[in-house]
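Data first, discussion second: the structure below is written as structure tokens.
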Amino acid sequence: MLYAIERTLKLIQGFALYSPSSNQTIAYQLERHAAQRADRAFLLYGERRYSYGEANALINRHAHAYKALGIVKGDVVALVMENRPEFIWHMFALHKIGAVSSLINTHGQGDTLVHALKVCSPKHVIVGSEIWAQFSACRSHMASGVPVDVDMDEENPAEVDVPVFGRRLTEASSENPSETGQHKLSDQAAYIYTSGTTGMPKAAIIRHHRFFRGGRVWAGAAFRYHPGDVLYNCLPLYHSNSVLLATSSAVTAGITMALSRKFSRTRFWEEIRAQGATSFIYIGELCRYLMNAEPSPTDRQHKVRVISGNGLRPDIWEAFQQRFGIERIAEFYGATEGNCITINLFGKVGSVGRLLPGMALARWDEEGQSFVRDSRGLFIKAKAGEPGILLGKIRPRGEFDGYHDKAASEKKVVHGAFEKGDAWFNTGDLLRTDRAGNLYFMDRLGDTFRWKGENVATSEVQEQISKWLPVREVNVYGVQVPGTEGRAGMAALVLADGHPFDAAAFHAHVVDALPSYSRPLFVRIMPELQTTGTFKLKKTDLQKEGYDPRSLRDPLYFMHPAQNAYVPLEPSLYEAITNGTLRT
């Protein structure tokens, strides 16, 4: 306990002294590690081992190849790749020369992928051959004239009609670029995409100081690395947990990161043991998937002592810790684009940390969907035990960089909240505190809900479903499924006159149009949808009504995982879903 407090105080003091003009970017830190400890293992990937020296040399070759292409400081390069070492070589190479890496969600397809590639206005696009098919399907809708290279994946090669980036490395130098140490922490480093509260994914502006601070805090306070530690990372590298926290903290501490292609419940602990991992980063559903696996005598046969992530629900917290013998869990709260980050450093079950200076919980009127105000028109702070919307004060040490879309950024800011002239970032999340000041996440407000570790914008899902011709109206919302984290998607549909619901055709449409986590798990066929006085679709009543066929007269359907199809939701199937017999 005292160790954690002392370490945290040192980190806070370090942040107070850090300068936006500092050149201590993560790329520069990696370069220095390569000079001082070249033989130390930096990255493990399957049977491959890359030392800091080898990784730095490969990154340098990529950097010089980009320079030969004319990429300069401030240019944006979109990366559309799955987890593999080459992703890291590309990203760090771009950061070494001052370019901006736009980290594209590889689950995106169709309009979603086109939007992500257009909104950041890239000067170049790098596509992994493993993603080539879905990229090719929407390539004609991209902005014309943007050069595309493919990074050929040995495991998933593809026939392509564009240059192969690997061939550009043949003549590229492995020497450090001269400009690596010239970039400031205040410079932009990346775009990371987040659903926001409405519409298509938004490109959140990520500056180098986010990598720097994420690395320091997670290395020193969350994971508390020791020499020789190995961090296991199976989260996608386009995700902020994976790149801002896991990758940055490994480089900051100079330890080893074991990278997995993707999460696999059957291979998870096998890979942990094979790589000698002492820690791993998670999202809530990952832990639940592991808990849902059959218990094994080998459950505790590993070296993991600490894990960190967000979304581990209180109902499985202690059971997970006990079953797998995890010494410490550093659950946290944070948003990719936000200025509110808290970490549970003291093991309080269910908590995401403490309410820190510069943060406030504002009382929220759920019925009116607005902040509660006093007689002066100012927000009222929530009391202990009372739910409130988490706000982060915008100030020099709590800056809000926002999105590429300035209008979208302004929508996340509330002015004059607690005093005239103040400005706060609105997380849109409902939390509460106990009397000791510990924070507990409760729910996400607005049109976005969280499912399978991803934020789902209902307006985006509605837009794609509305393109299915038999649909006249659609309302998408999140519903709770017992034993799962977040909310599952449900779509209420009004069909055009004379059109019966074709479950097979609808399934084919959503599979083609939406990422797996955005596809509605439940469908309700209704004669009409209710709206407010301002013609906004009502969601709250639909959420409360849920999907119980015993109380609803409307036809209900469920996307059955075993049958890979929408099937009628009968009472027996409902019981299997709600009692956990059928896992969603």
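Among the residues of region 396-410, which ones are out of contact with any Gly (no Cβ under 7 Å at 6 or more places or on another chain), farther than 11 Å from ILE205 by Cα and either touching a residue at least 60 places away in the same chain (Cβ under 8 Å) or in a loop (DSSP other than H, G, I, E, B) (or both)?
Matches in region 396-410: PRO396, ARG397, GLU399.
I'm trying to understand the selection: among the residues of region 54-82, which are out of contact with any strand residue (DSSP E or B) (no Cβ under 6 Å at 6 or more places or on another chain) and under 21 Å from GLY276 (Cα atoms)?
Within region 54-82, GLU54 is the sole residue that qualifies.
Check region 141-158 and report whether any residue there is in the same structural domain as ALA99 (by TED's automatic domain parsing), at positive phi and either surrounded by 14 or more Cβ atoms within 10 Å (Cβ to Cβ) or at pLDDT below 95 (or both).
There is at least one residue in region 141-158 that is in the same structural domain as ALA99 (by TED's automatic domain parsing), at positive phi and either surrounded by 14 or more Cβ atoms within 10 Å (Cβ to Cβ) or at pLDDT below 95 (or both).
Which of the strands (runs of 3 or more DSSP E) found entirely inside region 417-503 contain at least 2 residues meeting this: in contact with a Ser or Thr (Cβ under 8 Å, 6 or more places away or on another chain)?
The qualifying strands (runs of 3 or more DSSP E) are 438-444, 448-451, 454-457, 471-479, 488-495.
Looking at GLU82, GLU154, can you tell me which residue is charged (D, E, K, R) and under 26 Å from VAL456 (Cα atoms)?
Values: GLU154 fails: under 26 Å from VAL456 (Cα atoms).
Answer to the selection: GLU82.
State which residue pairs qualify: first residue outside any loop (DSSP other than H, G, I, E, B) and inside region 273-287, second residue among the acidic types (Asp, Glu) in any location, beta carbons under 6 Å apart, and separation of 6 or more residues or different chains.
Note: pairs meeting the criteria are GLY284/GLU485; GLU285/GLU485.
Counting residues that are basic (Lys, Arg), in contact with a Phe, Trp or Tyr (Cβ under 8 Å, 6 or more places away or on another chain) and surrounded by 14 or more Cβ atoms within 10 Å (Cβ to Cβ), which strands (runs of 3 or more DSSP E) fully inside region 516-584 reach at least 1?
Values: elements: 522-525, 556-560, 565-568.
Because the criterion is at least 1 residues that are basic (Lys, Arg), in contact with a Phe, Trp or Tyr (Cβ under 8 Å, 6 or more places away or on another chain) and surrounded by 14 or more Cβ atoms within 10 Å (Cβ to Cβ), the strands (runs of 3 or more DSSP E) in region 516-584 that meet it are 522-525.
Listed here are the residues, each with its yes/no results for (1) closer than 22 Å to VAL217 by Cα; (2) in a helix (DSSP H, G or I); (3) modelled with pLDDT of 95 or more.
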| position | (1), (2), (3) |
| --- | --- |
| GLU6 | yes, yes, no |
| GLY14 | yes, yes, no |
| SER19 | yes, no, no |
| HIS33 | yes, yes, yes |
| ALA38 | no, no, yes |
| LEU43 | yes, no, yes |
| TYR50 | no, no, yes |
| ALA55 | no, yes, yes |
| HIS62 | no, yes, yes |
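Only one of (1) part of a helix (DSSP H, G or I); (2) modelled with pLDDT of 95 or more; (3) out of contact with any helix residue (DSSP H, G or I) (no Cβ under 8 Å at 6 or more places or on another chain) is not met by LEU245, so which one is it?
(3)
When residues of region 533-551 are filtered for being basic (Lys, Arg) and modelled with pLDDT under 75, how many remain?
Pass one, region 533-551, residues basic (Lys, Arg): 536, 538-539, 544, 550.
Pick out the ones that are also modelled with pLDDT under 75 and you get 536.
Adding up the residues that qualify gives 1.
For HIS115, only one of the following conditions fails: (1) assigned to a helix (DSSP H, G or I); (2) surrounded by 22 or more Cβ atoms within 10 Å (Cβ to Cβ). What is its number?
Of everything listed in (1) assigned to a helix (DSSP H, G or I); (2) surrounded by 22 or more Cβ atoms within 10 Å (Cβ to Cβ), HIS115 misses just condition (2).
In region 307-350, how many are over 30 Å from PRO201 (Cα atoms) and outside any strand (DSSP E or B)?
Residues in region 307-350 being over 30 Å from PRO201 (Cα atoms) and outside any strand (DSSP E or B): 18 in total.
Could you tell me which numbered condition LEU94 fails, if it satisfies all but one of (1) surrounded by fewer than 24 Cβ atoms within 10 Å (Cβ to Cβ); (2) under 28 Å from GLN134 (Cα atoms)?
Among (1) surrounded by fewer than 24 Cβ atoms within 10 Å (Cβ to Cβ); (2) under 28 Å from GLN134 (Cα atoms), the lone unmet condition for LEU94 is (1).
Tell me which residues, restricted to region 356-377, are within 22 Å of HIS209 (Cα to Cα) and touching a residue at least 12 places away in the same chain (Cβ under 8 Å). Quick ask: steps written out before the conclusion?
Step one: of region 356-377, the residues within 22 Å of HIS209 (Cα to Cα) are 356-359.
Listed by number, the residues that qualify are LEU356, GLY358, MET359.
Being within 17 Å of GLY428 (Cα to Cα) and surrounded by fewer than 18 Cβ atoms within 10 Å (Cβ to Cβ) is the filter; apply it to region 374-386 and report the residue that is modelled with the lowest pLDDT. Break it down into steps so the answer makes sense when it comes.
Just the residues of region 374-386 that are within 17 Å of GLY428 (Cα to Cα), to begin with: 379-382, 386.
With the extra rule that they be surrounded by fewer than 18 Cβ atoms within 10 Å (Cβ to Cβ), the set shrinks to 380-381, 386.
Numbers: ILE380: 97, LYS381: 97, GLU386: 92.
Filtering region 374-386 for residues that are within 17 Å of GLY428 (Cα to Cα) and surrounded by fewer than 18 Cβ atoms within 10 Å (Cβ to Cβ), the one modelled with the lowest pLDDT comes out as GLU386.
Out of all the residues in region 54-78, which are without any contact (Cβ under 8 Å) to a residue 60 or more places away in the chain and surrounded by 16 or more Cβ atoms within 10 Å (Cβ to Cβ)? Explain how you work it out, then say what you get.
Our first condition is that a residue be without any contact (Cβ under 8 Å) to a residue 60 or more places away in the chain; within region 54-78, this holds for 54-55, 59, 66, 70-72, 75, 77-78.
Those that are without any contact (Cβ under 8 Å) to a residue 60 or more places away in the chain and surrounded by 16 or more Cβ atoms within 10 Å (Cβ to Cβ): GLU54, ALA55, ILE59, TYR66, ILE71, ASP75, VAL77, ALA78.
Among the residues of region 139-171, write down those that are aliphatic (A, V, I, L, M), assigned to a loop (DSSP other than H, G, I, E, B) and farther than 18 Å from TYR191 by Cβ.
Result: MET152, ALA158, VAL160, VAL162.
Condition check: modelled with pLDDT of 95 or more, out of contact with any Cys (no Cβ under 7 Å at 6 or more places or on another chain), more than 25 Å from GLY402 (Cβ to Cβ) and buried (at least 23 other Cβ atoms within 10 Å of the Cβ). Does TYR232 satisfy that? Break it down into steps so the answer makes sense when it comes.
Values: modelled with pLDDT of 95 or more: yes; out of contact with any Cys (no Cβ under 7 Å at 6 or more places or on another chain): yes; more than 25 Å from GLY402 (Cβ to Cβ): yes; buried (at least 23 other Cβ atoms within 10 Å of the Cβ): yes.
Yes; evaluated as a whole, the condition is true for this residue.
Could you please give the count of residues in region 249-267 that are out of contact with any helix residue (DSSP H, G or I) (no Cβ under 6 Å at 6 or more places or on another chain) and assigned to a helix (DSSP H, G or I)?
1
Answer yes or no: is there a residue in region 164-173 that is modelled with pLDDT of 95 or more, out of contact with any helix residue (DSSP H, G or I) (no Cβ under 6 Å at 6 or more places or on another chain) and of a type in the set (D, E, K, R).
Among the residues of region 164-173, at least one is modelled with pLDDT of 95 or more, out of contact with any helix residue (DSSP H, G or I) (no Cβ under 6 Å at 6 or more places or on another chain) and of a type in the set (D, E, K, R), which makes the answer yes.
If you scan region 68-89, which residues turn out to be more than 20 Å from GLY128 (Cα to Cα) and part of a helix (DSSP H, G or I)?
Selection gives ALA68 alone.
Among the residues that make up region 161-179, is at least one of them crowded, with 20+ Cβ neighbours inside 10 Å, touching a residue at least 24 places away in the same chain (Cβ under 8 Å) and of a type in the set (Ser, Thr, Tyr)?
For region 161-179, residues crowded, with 20+ Cβ neighbours inside 10 Å, touching a residue at least 24 places away in the same chain (Cβ under 8 Å) and of a type in the set (Ser, Thr, Tyr): absent.
Please determine whether any residue of region 504-513 is surrounded by 12 or more Cβ atoms within 10 Å (Cβ to Cβ), in a loop (DSSP other than H, G, I, E, B) and out of contact with any Cys (no Cβ under 7 Å at 6 or more places or on another chain).
The answer is no, given that none of the residues of region 504-513 is surrounded by 12 or more Cβ atoms within 10 Å (Cβ to Cβ), in a loop (DSSP other than H, G, I, E, B) and out of contact with any Cys (no Cβ under 7 Å at 6 or more places or on another chain).
Hey, does region 120-138 have a residue that's among the basic types (Lys, Arg) and assigned to a helix (DSSP H, G or I)?
To start, the set of residues in region 120-138 that are among the basic types (Lys, Arg) comprises 123.
Among the residues that remain, those that are also assigned to a helix (DSSP H, G or I) are: none.
No, that holds for no residue.
List every residue pair whose Cβ atoms sit under 7 Å apart, with the two residues 6 or more apart in sequence or on different chains, where the first one lies in region 554-573 and is closer than 12 Å to PRO520 by Cα and the second, anywhere, is charged (D, E, K, R) and part of a loop (DSSP other than H, G, I, E, B).
Between residues of region 554-573 that are closer than 12 Å to PRO520 by Cα and residues that are charged (D, E, K, R) and part of a loop (DSSP other than H, G, I, E, B), the close pairs are MET559/ARG519.
The values are calculated or read from the model by the stated rules, or taken from the named source; none is laboratory data. On a predicted model such as this, the values are computed, not experimentally measured, just so you know. FYI the Cβ positions are ideal-geometry reconstructions off the backbone, even for glycines, and counts take in every protein chain you see.
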